[in-house]
1. Which residue, of A:Ala255, A:Ala272, A:Ala231, is outside any helix (DSSP H, G or I), over 16 Å from A:Leu180 (Cβ atoms) and among the hydrophobic types (A, V, I, L, M, F, W, C)?
2. Is it true that C:Leu87 is under 28 Å from B:Glu734 (Cβ atoms) and either surrounded by fewer than 24 Cβ atoms within 10 Å (Cβ to Cβ) or at the interface with chain B (Cβ under 8 Å from one of its Cβ atoms) (or both)?
3. Can you name the residue in region B:729-739 that is within 11 Å of B:Asp657 (Cα to Cα) and away from chain C (no Cβ under 14 Å) and, of all such residues, is surrounded by the most Cβ atoms within 10 Å (Cβ to Cβ)?
4. Could you list, in sequence order, the residues of region C:128-147 that are of a type outside the set (Gly, Ala, Ser), under 19 Å from the mean Cα position of the chain (by Cα) and part of a helix (DSSP H, G or I)?
5. Only one residue in B:Val522, B:Val515 is assigned to a loop (DSSP other than H, G, I, E, B), farther than 26 Å from B:Thr630 by Cα and assigned by TED's automatic domain parsing to the domain that holds B:Leu616, so which one is that?
6. Condition first: within 20 Å of A:Arg109 (Cα to Cα) and aliphatic (A, V, I, L, M). Now tell me which residues in region A:18-31 satisfy that.
7. I'd like the full set of residues that are more than 14 Å from chain C (Cβ to nearest Cβ), under 27 Å from B:Leu761 (Cα atoms) and crowded, with 21+ Cβ neighbours inside 10 Å, limited to region B:687-726.
Amino acid sequence: MKPAPFDYVRPSSVEEACRVLAEAGGGATVIAGGQTLMPLLALRMSQPFVLVDINGIAALKGVTRVEGGIRVGPATRQADALRDATLARHLPVFVTALGHVGHYQTRNRGTVGGSIALGEPAAEMPATAVALGARVEIASVRGTRTVPADEFYLGPYMTVLEPDELVTGVVYPDWPDGHLVLFREVAQRPGDFALVGLVGALVLEGGTVSRAGIGWFGMGPTPIRARQVEAALVGTALDRIDPQTMARLAIADTAPFDDHHASAEYRRTVGARIFARALAETLDLRSAA
Amino acid sequence: MNIEAKMDVGGIGAARYVGTRQPRKEDGRLLTGRGQFTDDVRVPGMLHVAYVRSAVARGRIVSIDLDAAREMPGVQAIYTQADLAAVPVSFQTFFFTPVEAPVTLLADGRVACVGDPIAMVVADSRALAEDAASLVEVTIEEEAPVVTIADARTGALVHPERDDNIAAEMGDEDTRLAIQPLLDASAHVVTTRVRHQRIAQSPMEGRACLASPEGTNEMTVWLGCQSPHLAARWIALVLGMPTEAIRVIAKDVGGGFGLKNIPWKEEMAVIAAAKLMRCPLKWIEDRFEALTASSHARDQDVTLSVGFDADARLTAAWCDYACNNGAWPMGEDANIAVHMFMWPCYKLPAYGFVTRGWYTNTMGLGAYRGPWAMESLVRETLLDKAARRIGVDPVELRRRNLIYLPDQPHTSTLGIPVEDITPGECLEKLVANVDFPAFRREQAEARKEGRYLGIGVATYIEPTGAAGSMAPMTGETVHLRIEPTGKVVAMLSTHSQGHGTATTMAQVIAEQLGVPYEDVAVYEGDSAIGAFSPGAAGSRQGVIAGGATWKAAQLLAEKIKVVAAHLSNASVETITIDGGMVHVAGAPEMSRPLREIAEIAYGEPGRLPPGLATGLEAQYRYQPPPMTMTSAAHCCMVEVDAETGFVRILRWISSKDCGTVINPGVVEGQIAGGLAQAIGQVLLEDMPYDARGNPLAATFKDYMLPTIFDVPDFEYLHASTPSQTIGGMRGVGEGGCIIGPPTLVNAIADALSPFGEIDELVLPLTPARILDVIEQRDVSGTRASEVVPVAEVTAPVEAAPVAQVSGIDGDWNMVLKTPMGPQAMVAHFDCDGDAVSGWLEAPEGRQAFAGGVLSGNQLKFEMKVEKPMKITLKYDLTFDGQTVSGKCKMGMFGSAKVTGERG
Amino acid sequence: MSEHRIDLTVNGHRHSARVEARTGLGEFLRDTLGYTGTHLACEHGVCGACTVLVDGVAMRSCLMLAVQADGAELTTVEGLAAPDGTLHPVQQALKDNFGLQCGFCTPGVAMTLAAVTRDHEGPGLEEALTKAMSGHLCRCTGYQGIRRAIRQLAGASA
């Protein structure tokens, strides 16, 4: 299990990285933490001509407040993001989800952007970006563009990123301090990809849900935003929310599949249950599932 | 956690090491990165091997294009079977009998499973070898594969030259005629079916081989194995080389679990290629290969029916067992041991079975910790199901049927004698230490809150330390000496892939000799050291090597005493050895360090008693009783989350009788390791194949081993009834992996009982399959698609028209398919009318028979044999011109096939 | 297939080497530098056996390229014990508690436990160590001795 041969470059700026990507004409792959890419290389499932290491680009690291949100540099190590005070204070849902990514050792090297750009449908970070309405900032020699997270994913490990493009930032819109965290994951072992999982944020104003962002992972070919249930929740008073009804709506947006770890029917059945339970507990509803 | 540790320890020295948690001798090097695993060894000029493997399960190789690969810089050679055929090999089973499937080093014209090695690339580095391997173009004319046991019954022949896909077969459908009426007459009949998934043994270190030719016909092989001695003998046999020409070294091996009992295709191809190239070659199996192309285990489909009388006492049982042998099993296997060991610890009046191994186009079957473990799984889960059905407590049901000490000696219906097993006593100890009524109250309370707790119990016995009835299963030799420095050296043929044999053997020696544990060094892991033994196989090392060291140390102590008595002018009885000092009773001033005695024994022979050999050495080979039984009862408590189907293990208590415990830390480590693997089998691990014969768990993401969060803290009760062996040990290596699965399944089934029975136990019990039971519908999506077993209809055999027999007098070359592999023999028949006499000759010797009866073309005769045990063989042969076929009824072993032709 | 010169320290020893871009850090440590205590058991980042410290941080050496360790300070299991041979408390705890059998996964386990023990502040060390163990597979011990070793380490620091 040794990777096929490749060239390695370590650019020190985004511009240089984009230039290398452009020159490679589709034969380049970006490596950040490498925690998922390295196994793909070792198994020769990925065989780039050039590996572009973005760990030397300072501009791609760190967490900053920006107009209307929080920007996370894609090369920010997961362990660093977990310890970040800004995220802990203003985006606890992000931190909760990140804590379930991989293991201690892989979080020490793995990056936030790597997880997001890779597009594993059962992973926590893509679904979190989708649920929270994050925007993915993308650069290439052709210019820059921003793509909403829920338009970023096309299928398992497939995104809108062109071969010459680089993710340069992920911007999470502001969620008011005190937003409620919705998170459940059913995985057979800690650190495994989820059989089914959900992540989201809810804002309450005067006993009514005023804003909701909810995403599923492990429930289809991409992370899935549960738009129907979001719409049903927003504007509804807490005492009128029936978790079971909401769970049915939440499931309606999913498209789970069978694999040898679990069936689609299991994912739907258990997905509805964890949704109802998470919703009831998060909103402290008496009619808990 | 040790609830109660009671040791029965002997020993002559004041310092007691046996029964204590001595720190392991192996740990110093392993903890500091100084171990020597095969991949850590480098030999000058060494080249690296990678394999080109089949991506299809079955087909004819049309072409292999090596041109592009050969041109790659750094590639030194590429071999196909056409090249390696220059080194003749004849693959053997672990039992040193021929493998029946036409195993070759590399694919010979056909591929029979995904992962089948087709070509071997030798290059300057492994990475280069893999580069070149990816350039080899293989064209295969793909055929529809035979993947499951059901496929094998009806599908194409896996090995076209064979008659059918039955790899091995024992037992007798006719017995059913005797069993069925007993079942019909029983008050209750309970039937259960278990489908055990395919397991990848998954030692943390994969297979590994470094073959270094030395001289013209000698070879040093560093090998990941379970016994350098067995491996050396096996390799020599397979290659037709003298045993002394092969030296196998395996200092550290990262786990074996049965997989590394014998080398297989890849290791042997490395050795053969090293012979051809005359240079050292290394192959280190990567995890992708380890999961998809190492021999697998289990993959069984078993149905057991058991009758009970109105008092829940056993009346009769019938079992139909099938096992997927894959394409290239490490010995065709119908797993007769499942049937042999299913009932010796229970009072069962009648038992019958048919048991078969099936060839398929999947990776071959290998051994795995407790290869016969199905007997406990199917029996113990059935007993719990019966207890629920009949309305008896599971413990009570076992009490009514188990063999207790006062019931012994006892012989099972299949002829297995037991005289000192304690499954009942282990169960009583368990019940005395675990508050079952309190758990039942807690369970009832929890159910009111929608929480589902369950408790499961299982009991079993296990044959360990086998010696003398199968070719590789032998005694153990220890070579023990005290160096002139006073330090002790033991040379052993034990082998640790984690077993800690250097530790436990040193404990026995230190105690029996009266020296500090720290002063004993144990050398093992090299076929050049010690005498033949199969190392770690069949839970035997503590039992047999323990007995050997026990006795050898006593012999050496006697010699020391003789010398010391002579030097001190005292009588031998007054001498004691303790803490490395030699004392004379009543004369403390005459105490002297062992070193002084040793210096004299080696350097001043004139001071020794006349006629006594110089030096301080002893050698002893211990031949233990043929089998030593270990018993246990386990209990486990779980909580099942009815919403998600997840299982949480709350407690697990082991009540085990493994006789004298040399080192509780090591013994508990063996039990725990086996139990963790049991948990993996029940809940997590699975190597599924798709319909095209592709293995679906190619990484550790998909093949899920238990993590620290999946395994609870185990609690131990040691029963410790000394066995009949020197030292009184009983084997402990495999037990956890045998009794663990039914214990956990029973706990889960108990938790699920408010919802229904687990009708058919399909492993692993994934969360989805548990929801199947809870919701009584097909949540897992596997129930509907599962193949319904085709009832085995055995059409009555039409009486064949009596053919004209042109006399059967003379010699016939026959093959008897025994449980240990095919046995070739020459049969000679002399007819006098219908009366036939003659002899059978096998390598072990010739035995005559008389009283045979020939009717038409059918010959029946009987023959009594002593080995492997006393049984009467009943032959029933049918002659058809120049060929003969039929069966041989082998007492408890059931029936074995016989084929042959005129000699 | 580019080659790169790298300079790094391993257990305080300076090394310079030329490496192929594709060479993994674990493979480089073992095959080029001879630190064979680092074991490669899965080469795809699941088992944890190859864990080493890179600039003091526990990482899987199979999920890093050697070229990415240019300029780094590495610690492998060979560098854990004191120069006089005294075992690191983590090694001692594993030894005291039968925390290993075959020893193949052990080097990685030891490196993780050492890093967490060193970095953890305040209460909850036992939980932190146990959680970090989710990134390690051991096929022999059933984790019993490792868990006891963790309790010993947590007790010693409490």
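The values are calculated or read from the model by the stated rules, or taken from the named source; none is laboratory data. Keep in mind it's a predicted model, so treat the numbers as computed, not measured. Here the Cβ is made from the backbone with ideal geometry for all residues, glycine too, and neighbour counts use every protein chain on show.
1. A:Ala255
2. So C:Leu87 fails the test.
3. Within region B:729-739, the subset within 11 Å of B:Asp657 (Cα to Cα) is B:729-732, B:735.
Within this subset, residues satisfying the condition of being away from chain C (no Cβ under 14 Å) are B:729-731.
Numbers: B:Met729: 33, B:Arg730: 31, B:Gly731: 28.
Out of the qualifying residues, it is B:Met729.
4. As a first pass, look at region C:128-147 and keep what is of a type outside the set (Gly, Ala, Ser): C:129-131, C:133, C:136-141, C:143-144, C:146-147.
Those still in the list that are under 19 Å from the mean Cα position of the chain (by Cα) too: C:129-131, C:133, C:136-141, C:143, C:146-147.
Listed by number, the residues that qualify are C:Leu129, C:Thr130, C:Lys131, C:Met133, C:Ile146, C:Arg147.
5. Every option except B:Val515 fails the conditions.
6. Scanning region A:18-31 gives A:Val30, A:Ile31.
7. B:Met687, B:Tyr689, B:Gly693, B:Pro695
Results for (1) over 23 Å from B:Val667 (Cβ atoms); (2) assigned to a loop (DSSP other than H, G, I, E, B); (3) not hydrophobic (A, V, I, L, M, F, W, C), shown as yes or no for each residue.
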site	(1), (2), (3)
B:Phe532	yes, yes, no
B:Gly535	no, yes, yes
B:Val543	no, no, no
B:Gly546	no, no, yes
B:Lys551	no, no, yes
B:Ala557	yes, no, no
B:Lys561	yes, no, yes
B:Glu573	yes, no, yes
B:Thr576	yes, no, yes
